[in-house]
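Asks: To start, I am sharing the structure in question, which I have written as structure tokens.
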Amino acid sequence: MAEHIVSPKVYIIIFLALMVMTAVTVAAAFVDLTFHLGKHVVDGAVQYKYNINVNPAVALAIAGFKAALVILFFMHLRWGTRLTKIVVIAGLYWLAILLTTVADYVSRNMMTYPLQ
Amino acid sequence: MPDAHSTVMGTDTAHAHPMLQHHFDNMEQQREASFLGMWVFLITEIMFFGGLFVAYLVYRYLYYPAFAAGSSSLDIFLGGFNTAVLIASSLTMAMAVWCSQVGKQKLLILFLVLTLLLGLTFLGVKVIEYNEKYVHHHIPGHNFHFVDEVHDLKVDQGQAQLFFSLYFSMTGMHALHMIVGAGLLTALIIMALRGMFTPEWHTPVENIGLYWHFVDIVWIFLFPLLYLINRTPFTHT
């Protein structure tokens, strides 16, 4: 398998996509993306049981997509050998395990500790 | 004595590229091995930055209001500008790799110099930002003082210090990688000026390119996490 040469046209398209997504992520940060669920009325005032803010999820989804474009095209992983691909995927899998550490902190408040 | 050597190794070294190391069968195998090796190194780097990201996520979860207030005090224009600069530098780096693949020696030097200049621009903007933190007493330590001017909320000084500690350690480690990258690019420019890169052998351009793109990816995550936590009217706790 000879070295794959990616044409500059592809690089420029990826570059433009990355720039557009940067603009989108900045714009999205200024919009309050909160979903209000579980509407109910308390003493005549409308209240919601759940207020789910998806701003961080949107920002990270865009960042993840940008990173994927850089890895696949700029870093040529799309044309890499199967061995390289599986090594990278395994590395990212270990990163995912590392990131689940956060779940410990998030879940501690979920149940009440049986204090006296 | 190349003939005697080739008999021992069982390979045709008479036609071998001078850059082919003796433990590889051919240039193709050597190139793929170095590509894989660079990726393994980058994965250790990903795990290293991963630790910083976990620390950030834990404290952001615990002290969200202070983190949102600290984040809103950062200059979104400079941060966004730097993001664009880094993405542009990734493009010029990718173009440099292409030049080395097709043997455009002069264009290769041009793109390497452009990449270096964009990298230095990023670092220059970072200096401006760090100076702002110094002027506003936003550097964690004895003289730290943070007032939430955007949302006008009372912010715990200790929690705000944690945000700025993470801001400085994460952007600082990133900037250190940029400085190393600038040094590597300088070495590449010298090698390119000596005409060392050919379509047959240009592994340093490719691997330093991989490193440069990796540093770009770290910033792609740092920018939204540090600068864009909550730019909307403060409604969450």
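Each reported figure results from applying straightforward, stated rules to the coordinates on display, with no laboratory input. These numbers come from a predicted model, not from an experiment. Reconstructed Cβ throughout: ideal geometry from the backbone, glycine too, with neighbour counts over all protein chains shown.
Asks: Determine by what factor the alpha-carbon radius of gyration of chain A differs from 2.2 N^0.38 Å, reporting the quotient.
Replies: Working it through for chain A, the quotient is 1.61.
Asks: Under the classification rounded if a/c is under 1.5, otherwise prolate if a/b is larger than b/c and oblate if not, where does segment B:32-77 fall, given a ≥ b ≥ c as square roots of the Cα gyration tensor eigenvalues?
Replies: Oblate is the answer for segment B:32-77, as a/c is 1.5 or above yet b/c matches or exceeds a/b.
Asks: Kirkwood Rh, Cα Rg: Rg to Rh for segment B:80-190?
Replies: Dividing the radius of gyration by the Kirkwood radius yields 1.15.
Asks: Could you compute how fast segment B:170-232 diffuses translationally, taking Rh as the Kirkwood radius over C-alpha pairs and applying Stokes-Einstein at 25 °C with viscosity 0.890 mPa s? Give it in µm² per second.
Replies: Rounded, D is 183 µm²/s.
Asks: While we're on this one: So what's chain B giving for Cα Rg divided by 2.2 N^0.38 Å, two decimals?
Replies: 1.31
Asks: Enter the angle in degrees (range 0 to 90, nearest 10) between the Cα long axis of helix B:157-193 and the first principal axis of the Cα atoms of chain B, meaning the one along which they spread out most.
Replies: 20
Asks: Any chance you could list P(r) for segment B:12-113, counting all Cα-Cα pairs in 10 angstrom bins from zero, rounded to whole %?
Replies: For segment B:12-113, the pair-distance distribution reads 12, 19, 31, 19, 12, 6, 1.
Asks: Ok, one more. Could you give the angle, 0 to 90 degrees to the nearest 10, between helix A:8-29's Cα long axis and the longest principal axis of the Cα atoms of chain A?
Replies: 10
Asks: For chain B, what does the relative contact order come out to in percent, with C-alpha contacts under 8 Å and a separation of six or more?
Replies: 30
Asks: Take the residue pairs A:Lys39/B:Lys154; A:Lys9/B:Lys104; B:Lys106/B:Lys126; A:Lys39/A:Lys66 and return only those whose Cα atoms are more than 26 Å apart.
Replies: A:Lys39/B:Lys154; B:Lys106/B:Lys126; A:Lys39/A:Lys66
Asks: If you don't mind, another one. I'd like to compare B:40-51, B:178-189, A:96-107: which one has the highest average count of other Cβ atoms within 10 Å, and what's the full order after that?
Replies: B:178-189, B:40-51, A:96-107
Asks: Between rounded, prolate and oblate, where does segment B:153-199 land on the alpha carbon gyration tensor, with a ≥ b ≥ c its root eigenvalues, rounded for a/c under 1.5, else prolate if a/b exceeds b/c?
Replies: Because a/c hits 1.5 or more and a/b exceeds b/c, segment B:153-199 counts as prolate.
Asks: Show that you can apply the helix-only estimate: for chain B, add -39,500 (n - 2.57) for every DSSP H stretch of four or more residues, divide by all residues, and state [θ] at 222 nm to the nearest 500.
Replies: -25000 deg cm²/dmol
Asks: Can you tell me the alpha carbon radius of gyration of the protein assembly as shown divided by the globular rule-of-thumb value 2.2 N^0.38 Å?
Replies: 1.18
Asks: A follow-up question, please. Mark the label point 7 Å from the Cα of B:Thr198 along Cα→Cβ and return the residues of segment B:22-50 whose backbone N is within less than 17 Å of it.
Replies: Counting only backbone N, you get B:22, B:26-31.
Asks: At R0 = 51 Å, how high is the FRET efficiency between A:Ala61 and B:His22 if r is their beta carbon distance? Nearest 0.05 is fine.
Replies: The computed FRET efficiency comes out at 0.60.
Asks: Right, something else. What is the Rg over Rh value, at two decimals, for segment B:54-98, using alpha-carbon atoms and the Kirkwood definition of Rh?
Replies: 1.24
Asks: Taking 8 Å as the Cα distance limit and 6 or more residues as the minimum spacing, I'd like the relative contact order of segment B:110-237 as a percentage.
Replies: About 26 percent, as a whole number.
Asks: Take the eigenvalues of the Cα gyration tensor for segment A:11-75, scale each by 5, and report the square roots as semi-axes in whole Å, largest first.
Replies: For segment A:11-75, the ellipsoid semi-axes come out as 38, 11, 6 Å.
Asks: Looking at the square roots a ≥ b ≥ c of the eigenvalues of the Cα gyration tensor of segment A:50-104, which shape do they give, rounded for a/c under 1.5, prolate if a/b is larger than b/c, or oblate?
Replies: Oblate, because a/c is 1.5 or more while a/b does not exceed b/c.
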